[in-house]
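The values are calculated or read from the model by the stated rules, or taken from the named source; none is laboratory data. What you see is a predicted model; the values in this text were computed from it and never measured. Here Cβ is always computed from backbone atoms with ideal geometry, including for glycine, and neighbour counts include all displayed protein chains.
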Amino acid sequence: MKKIYYFLLISLCITGVFACSNQDHSSDPATNMQETVQQEEKTWSEQDLRSMFSNIKGTDLEYIDCVLMPDHASDRVGAVLFRNNTSKTSEVAFFDANGYFQQCGTYAETADEPNFTYLGDGAVTFRLKSKNGTMYNYTLTLSIEGNGVYFKAEDDLYK
């Protein structure tokens, strides 16, 4: 009986030692929180955004400008304004810290000087040119709620 007791005790100790030495630290809440804080503390640059944009596959995409999103609205770090030469659209890609993005655009030509600006709270504005040559402001706002991605577009063309 004592041999069985000692055998079980030794087996339990060995199992405990292996379990402790093989812990996955990525599931540790303190480590995850530290990684999140480090991502938020990173100082983002326009070069970082241009680099993330260059990772998008497609030679028909023409980079125009980018802006940083210092308030990290909807967990985005910046936005890139670009032209899709195949579909003839002016588009904005909103990037998160991992390089993932959501994009939205309009079937309009970007003005020669688009004045791409971040307004805060997930909104960017830039200038477009209508078919008759009229310049106007276009504002695009991104919001992410749960699994839903929403865009709100406004312009001042007919105001």
Scan the stretch 83-103 for residues that are part of a loop (DSSP other than H, G, I, E, B) and surrounded by 17 or more Cβ atoms within 10 Å (Cβ to Cβ) and report the count.
1
Out of curiosity, is Ser143 within 24 Å of Val77 (Cβ to Cβ), in contact with a strand residue (DSSP E or B) (Cβ under 7 Å, 6 or more places away or on another chain) and not hydrophobic (A, V, I, L, M, F, W, C)?
yes
In the stretch 104-124, what count of residues is obtained for those that are surrounded by 18 or more Cβ atoms within 10 Å (Cβ to Cβ) and either closer than 17 Å to Ser74 by Cβ or among the aromatic types (Phe, Trp, Tyr) (or both)?
5
Quick test of your reading of the structure: Asn55 fulfils all but one of (1) under 19 Å from Ala123 (Cβ atoms); (2) in contact (Cβ under 8 Å) with a residue 40 or more places away in the chain; (3) not β-branched (Val, Ile, Thr). Name the failing condition by number.
(1)
Scan the stretch 125-147 for residues that are within 16 Å of Phe94 (Cβ to Cβ) and either at pLDDT 95 or above or surrounded by 14 or more Cβ atoms within 10 Å (Cβ to Cβ) (or both) and report the count.
9
